[in-house]
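First up is the structure itself, then whatever we jot down about it.
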Amino acid sequence: MTEAARAAASAEFSDVPLDTDGVPHGQPVLDRLVALLDLERIEENIFRGVSPAESPVRVFGGQVAGQALVAAGRTVPPERRVHSLHSYFIRGGDPTVPIVYEVDRIRDGRSFTTRRVVAVQHGKAIFSLSASFQVDETGMDHFEPMPEVPSPDSLPTYAESAAGYLEKVGMARLPRPIDIRYVTEPPWRARETGPGEARSQVWMRADGKLPDDELLHVCVLAYASDMTLLDSVLVRHGVYWGTDKVLGASLDHAMWFHRGFRADEWFLYDCESPSASGSRGLATGRFYSQDGQLVATVVQEGLLRVL
């Protein structure tokens with residue numbers, strides 16, 4: 001691992017901004033995420049990454065997706081931008097040991113480049129990703145307009161929304177590199193009124209300033225995309241992690257990147273769930289920049305077992 005990543009993984013936060021609930025946030029926490037995405041190249045097409053000292057029981061899915069995309073992107077010329085990724089979560093990752101990312105250079109064409117990445121721990125694959133990169137081209141251009149929603153500055157912070165629920169809400173006590181503001185009722189509150197519309201809307205942004213590295217901004221968006229997507233499934237059934245007996249995990253995750261953006265500026269994450277069956281829930285999400293441009297689309301299926 002790089003020295004920055006090694007330091008980031010073991011760092012204990014002190015003298016950093018604290019949210020109203022005492023959880024670290026802001027630029028130092030974002031800087032650690034950037035360091036964790038700075039993979040160590042240990043051999044041609046082989047990279048190594050680590051997890052933060054404060055982690056859930058399994059490696060956070062957005063982290064391994066972001067790191068895998070970094071590995072893929074570092075084998076592609078910078079003028080070719082990622083336009084899609086398709087991935088599968090195969091096994092739960094162990095946050096206490098490094099993750100090795102093996103890149104297969106599938107194809108280098110005149111316009112498109114394809115890479116496949118397998119994340120390995122303890123000699124077994126835990127995650128696989130295929131990503132496609134393209135040179136800039138002009139052509140047809142349209143998108144569905146952004147829903148009308150309140151501005152992010154008018155909404156409560158994540159800590160304010162989670163007040164009174166902190167001991168039960170998912171990753172509420174972990175350091176927060178992403179600033180999240182719920183437009184719809186937060187799922188841990190919505191469950192109190194029973195099943196509702198299968199929709200979740202949040203404003204998000206990296207909580208600080210990111211370097212001017214286009215691939216990094218895409219990887220941070222990939223990281224953030226796994227944070228609230230399945231909320232749209234859970235609110236439909238009036239349940240939530242921690243407050244109800246729900247077991248879940250991401251099964252697969254796909255993203256399409258349509259237009260340029262900065263992940264340290266506000267973007268709306270508009271998510272809905274068209275179906276749930278067989279202990280699996282399907283969720284789709286659209287990322288809009290604050291000026292209304294559709295910048296990315298996400299689809300994920302998650303394992304959701306209500307005990």
Among GLU160, GLU137, GLU265, whose mean-square fluctuation peaks in a Gaussian network model of the chain (Cα, cutoff 10 Å)? GLU137
What order do you get for 287-298, 206-217 when each peptide is scored by the mean count of other beta carbon atoms within 10 Å, highest first? 287-298, 206-217
Computing the accessible area with a 1.4 Å probe over protein heavy atoms, can you report the carbon and sulfur percentage for the stretch 84-167? 50 percent
Once you sort the root eigenvalues of the Cα gyration tensor of the stretch 63-197 as a ≥ b ≥ c, which label holds: rounded (a/c under 1.5), prolate (a/b larger than b/c) or oblate (the other case)? oblate
First check a/c for the chain, with a ≥ b ≥ c the square roots of the eigenvalues of its C-alpha gyration tensor; if it is under 1.5, answer rounded, and if not, answer prolate when a/b is larger than b/c or oblate otherwise. rounded
Contact order normalised by length for the chain, with contacts defined as Cα pairs under 8 Å and 6 or more residues apart; what percent is it? 17 percent
Could you give the size of the charge dipole of the stretch 152-307 about its Cα centre, using +1 on the Cβ of each K and R and -1 on the Cβ of each D and E, expressed in debye and rounded to the nearest 20? 480 debye
The stretch 101-205: relative contact order from alpha carbon pairs under 8 Å, six or more residues apart, as a whole percent, is 16 percent
Rounded if a/c is under 1.5, else prolate if a/b beats b/c, else oblate: with a ≥ b ≥ c from the C-alpha gyration tensor eigenvalues square-rooted, which is the stretch 126-167? oblate
Normalised by the number of residues in the stretch 77-121, what is the relative contact order in percent for Cα pairs under 8 Å and 6+ residues apart? 35 percent
Averaged per residue, the 1.4 Å probe accessible area of the stretch 53-195, protein heavy atoms only, in Å², is roughly 52 Å²
For VAL218, the net charge from surrounding residues (Cβ-Cβ under 11 Å; K, R +1; D, E -1) works out to 0
Going by Cα centres, the stretch 270-301 and the stretch 229-262 are how many Å apart? 8 Å
Hydrodynamic radius of the stretch 223-304 per Kirkwood, over alpha carbon pairs, in Å: 13.3 Å
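The values are calculated or read from the model by the stated rules, or taken from the named source; none is laboratory data. Quick caveat: nothing in here was measured; it's all calculated off a predicted structure. Note: ideal-geometry Cβ built from the backbone for every residue, glycine included; neighbour counts use all protein chains shown. Surface accessibility is based on the protein's heavy atoms, side chains included, excluding ligands, DNA and RNA. Shrake-Rupley method; radii C 1.70, N 1.55, O 1.52, S 1.80 Å.
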